[in-house]
Amino acid sequence: MSNEITIGVLALQGAFSEHIQLLQQAANYIDSEPNAAPRKWHIIEVRTVEQLQSCSALVLPGGESTTISLVAARSGLLEPLRDFVKVSRKPVWGTCAGLILLAESANRTKQTGQELIGGLDVRVNRNHFGRQVESFEAALDLPFLVDAGGEAFATSNKPFRSVFIRAPVVERVLAPQAGEQEEEAKLDDTVVAPSKAASSGKSIGKVEIMARLPGRAKALNDNKTTAREVGEEGDIVAVRQGNVFGTSFHPELTGDARIHVWWVKQVLQALQ
Ligand code: GLN
């Protein structure tokens with residue numbers, strides 16, 4: 001592995017500078033660990049295809065997914081982003097609007113404009129908890145953060161304070177076969193990512209549920225699989241499938257870098 005690592009944050013709209021700061025903190029923390037390999041980090045804002053192509057991994061920030069997708073389309077970035085996620089299969093993490101963009105299917109879109117990148121075989125429900133005024137904070141238990149620098153950030157073993165702002169949830173895990181997406185596309189007010197026919201064909205495995213928000217599970221008004229049927233109770237607020245990770249909430253807004261540390265470590269493993 002080269003000791004130069006470039007991690008990009010899509011900087012078209014939304015909370016990208018907060019991610020840059022926390023990625024930098026995560027990199028500093030990883031460098032400070034005993035026996036850390038010598039590395040040169042480049043944490044960069046991505047606005048062009050050239051910048052995207054220089055990245056080993058990418059974060060899609062929260063913001064407004066419709067705006068991000070429109071600007072990405074206008075900047076000629078949509079297809080290169082799909083390649084990055086679904087063909088090159090580089091590590092990608094989407095928060096909130098970023099999670100929506102990484103879903104293969106999303107609902108409640110305006111008739112015009114919204115396009116998805118895709119990569120996660122899930123259907124998301126946008127604005128699941130309502131409007132901006134209904135934003136809230138919750139303490140999440142995220143066992144995967146055990147080794148993520150809690151001592152350094154004085155948060156070890158504490159629940160993760162998460163901010164939900166017009167947040168989506170994963171309301172359904174889609175079966176990985178292609179037909180599922182066609183079924184989704186027939187639903188009202190639904191947008192799906194373009195077919196995965198062009199993807200590398202490599203199996204990326206199942207969608208793993210990484211976190212749920214206890215007590216907020218809402219019954220869905222269709223008769224498809226609900227969050228409840230997939231496992232324990234609670235709305236699904238973090239998922240991973242192969243190289244793609246998504247969170248409903250905004251870990252970049254609470255100053256706790258543990259999820260960034262965890263994710264950057266995943267990136268390093270993927271690059272090995
Ligand atoms: N609901 C917003 C959207 O549709 C996402 C909100 C957020 O990223 N905080 O894009």
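The values are calculated or read from the model by the stated rules, or taken from the named source; none is laboratory data. All values derive from a computational prediction rather than experimental measurement. Cβ coordinates were reconstructed from backbone atoms using ideal geometry, including for glycine residues, and neighbour counts include every protein chain displayed. These area figures cover heavy atoms from the full protein model, side chains too; ligands, DNA and RNA do not enter into them. Shrake-Rupley method; radii C 1.70, N 1.55, O 1.52, S 1.80 Å.
Please compute the alpha carbon radius of gyration of segment 54-119, then divide it by the globular-protein estimate 2.2 N^0.38 Å. Two decimals is fine.
Rg over 2.2 N^0.38 Å, computed on Cα atoms: 1.02.
With θ taken as phi - 60° and the coefficients 6.51, -1.76 and 1.60, list the Karplus ³J(HN,Hα) couplings across segment 20-25 in order, rounded to whole Hz; mark glycine and proline as x.
Running phi through 6.51 cos²θ - 1.76 cosθ + 1.60 with θ = phi - 60° gives 4, 4, 6, 5, 5, 4 Hz.
Whose amide H sits under 5 Å from the amide H of residue 128, counting only residues 5 or more places off or on another chain, with H placed in the peptide plane?
Placed amide hydrogens put 167, 169 under 5 Å from residue 128.
Could you state the accessible area per residue of segment 1-135 in Å², with a 1.4 Å probe and every protein chain left in place?
Using a 1.4 Å probe on heavy atoms only, each residue of segment 1-135 averages 40 Å².
Can you pull the percent of segment 38-93's accessible area that's carbon plus sulfur, 1.4 Å probe, other chains left in place?
The nonpolar share, carbon plus sulfur, comes to 52 percent.
When the Cα centres of segment 253-272 and segment 56-80 are compared, how far apart do they sit, in Å?
If you average the Cα positions of each part, the centres end up 21 Å apart.
Cut-off under 18 Å on the C-alpha distance; same-chain residues fewer than 8 positions from residue 158 excluded. Which aspartates and glutamates are left, in chain and number order?
Partners within reach: 137, 141, 147, 252, 256.
Can you give me the P(r) profile for segment 29-88? Cα pairs, bins 5 angstrom wide beginning at 0, each as a whole percent.
Using 5 Å bins, I get a P(r) of 4, 15, 23, 21, 13, 9, 8, 6, 2 for segment 29-88.
What FRET efficiency comes out for residue 24 versus residue 127 if R0 is 41 angstrom and r is the Cβ-Cβ distance? Round to the nearest 0.05.
So the FRET efficiency works out to roughly 0.85.
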